[in-house]
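Reading through the structure tokens given below for one structure.
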There are 2 protein chains.
Amino acid sequence: MVRAVSDTHGEILAAAARQFTVTGYRGTSLQDIAREVGCSKATVLYHFANKEALLAELMAPAIGVLRDLDDRLTGLTGSAAQEVAAQGFVDLAVRFRREIAVLRGEFPELLCQPAFAHIQQISDRLRDALAGHSERPGARIAALVLLAGISEACGEFADIADDDLRSALLTLVRRAVEPVDAALPQQPTTEDKDS
Amino acid sequence: MVRAVSDTHGEILAAAARQFTVTGYRGTSLQDIAREVGCSKATVLYHFANKEALLAELMAPAIGVLRDLDDRLTGLTGSAAQEVAAQGFVDLAVRFRREIAVLRGEFPELLCQPAFAHIQQISDRLRDALAGHSERPGARIAALVLLAGISEACGEFADIADDDLRSALLTLVRRAVEPVDAALPQQPTTEDKDS
DNA sequence: TCAGGGTCTGACCGATCGGTCAGGCATGCT
DNA sequence: AGCATGCCTGACCGATCGGTCAGACCCTGA
């Protein structure tokens, strides 16, 4: 039967999402969330086992998409990996701007928790793919800067439509990433690494 | 008289720098810092008025250089502003990787405090300069992503020499930034949304 | 009518936070 | 000797954190 008389669970989730994006995970207390919802802190902890579980449920969709992207990257190398990584990550960042913004600055601590332990490895693989699996410092630096910058920045463009932001970010990434294939005729680098 | 028998003040500063970069400002307690130094928490608060003062003294050199860069940007427009902003910020980011990493994720809250209130405005001007003072969303997005990404990423390259990191970042920025002059001033923009 | 389960709450807990304070302990000056 | 000063500390404070718990308040089905 329809039980939508009061969707407290959903309201808590929504309030947490709002506040996490503004003040961060650690910077938001269960009290703050309860106050916005208009319930008690105990009610928040009735609907969610603990604060971490609240965050986990909030991030679940984004993490699912991230995992899908990770799967699609397996086996790809060179510019193919770069293009899939670029498109996939930009799309993910745009769609889940808010969720990504939640993690702003709290990655190191959050990744230690079991619920998010695997994200570090996925994002490492994503960075490698965006660098075309190149070992050149320039490629690795560019990939890291782009991933970090997009994660950090996409939360600030709440006023830009998804499609516009996506195309702008995609052209930026394509322009900024070191082309791994086309770089070969350019110049022989000091160390020769073939992929 | 040289009284360098025990430079507790400096030791506290060094320990705070180390811990802030690892666990962040909020994530590091005065107790943690005192433990690493080998003194009591009260000693930390004897040498520094409060936790914020500790952070302020830690960031002072970086903030000074940032202010200098801001001064050098006044009056510059177009590609000249872009180039000065790029060189200045990359140099600053490389020299003060650790200090910048401290602010990771705590910008919104820290900038509310009076000691750091002006940084937001400076970084806004820096972003505008890197965008060549263009109003195009693409230029603004690229500038923001680059600034955020470099800030976020430069702390992770502790193993790369300053000169190498600087040149890599500079080529990345020059490649990624939207050239403002090449698009010639006031183009009728036959197609601005279409791509 | 009553039993029972889902929902919600105030009161409370231990831990930790940043910060205060009175005083101990050297050292150097008069 | 007496005193001042700089450095340091343990004990303590109020506030806040995440989390627990017994019980109140529905609503529904028997």
Legend entry - Selection within the range A:30-50 - within 8 Å of DNA strand C (Cβ to nearest atom), part of a helix (DSSP H, G or I) and polar (S, T, N, Q): A:Thr43
Inset, instruction - Exactly one condition in (1) farther than 15 Å from B:Ser123 by Cβ; (2) at pLDDT 90 or above; (3) assigned to a helix (DSSP H, G or I) is not met by B:Leu144; state its number. - result: (1)
Inset, instruction - Answer yes or no: is there a residue in the range A:101-115 that is of a type in the set (D, E, K, R) and without any contact (Cβ under 8 Å) to a residue 60 or more places away in the chain. - result: no
Inset, instruction - Output the residues belonging to the range B:4-47 that are acidic (Asp, Glu) and either more than 11 Å from DNA strand D (Cβ to nearest atom) or closer than 24 Å to B:Gly155 by Cβ (or both). - result: B:Glu11, B:Asp32, B:Glu36
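Every residue, every condition in (1) at pLDDT below 50; (2) outside any helix (DSSP H, G or I); (3) within 11 Å of another protein chain (Cβ to nearest Cβ), yes or no:
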| position | (1), (2), (3) |
| --- | --- |
| A:Cys154 | no, no, yes |
| A:Ser167 | no, no, yes |
| A:Thr171 | no, no, yes |
| A:Arg175 | no, no, yes |
| A:Glu178 | no, yes, yes |
| A:Asp181 | no, yes, no |
| A:Pro185 | yes, yes, no |
| A:Pro188 | yes, yes, no |
| A:Asp192 | yes, yes, no |
Legend entry - Candidate set from the range A:30-68 (those that are surrounded by fewer than 15 Cβ atoms within 10 Å (Cβ to Cβ) and of a type in the set (A, V, I, L, M, F, W, C)); member that is nearest to A:Pro179 (Cα to Cα): A:Ala60
Legend entry - Breaking point among (1) more than 8 Å from DNA strand C (Cβ to nearest atom); (2) in a loop (DSSP other than H, G, I, E, B); (3) surrounded by 17 or more Cβ atoms within 10 Å (Cβ to Cβ), for B:Ser6: (3)
Inset, instruction - Please determine, by comparing only the residues of the range B:9-29 that are crowded, with 18+ Cβ neighbours inside 10 Å, more than 10 Å from DNA strand C (Cβ to nearest atom) and within 14 Å of chain A (Cβ to nearest Cβ), which one is farthest from B:Phe89 (Cα to Cα). - result: B:Gln19
Inset, instruction - Please give the helices (runs of 4 or more DSSP H) falling wholly within the range B:69-130 in which 2 or more residues are buried (at least 16 other Cβ atoms within 10 Å of the Cβ), touching a Gly at 6+ places or on another chain (Cβ under 6 Å) and at pLDDT below 95. - result: B:97-102
Inset, instruction - Could you list, in sequence order, all residues of the range A:48-87 that are more than 9 Å from DNA strand D (Cβ to nearest atom) and among the small types (Gly, Ala, Ser)? - result: A:Ala56, A:Ala60, A:Ala62, A:Gly64, A:Gly75, A:Gly78, A:Ser79, A:Ala80, A:Ala81, A:Ala85, A:Ala86
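The values are calculated or read from the model by the stated rules, or taken from the named source; none is laboratory data. None of the values given here were measured: they were computed from a predicted structure. Every residue, glycine among them, receives a Cβ derived from its backbone with ideal geometry; neighbour counts consider all protein chains shown.
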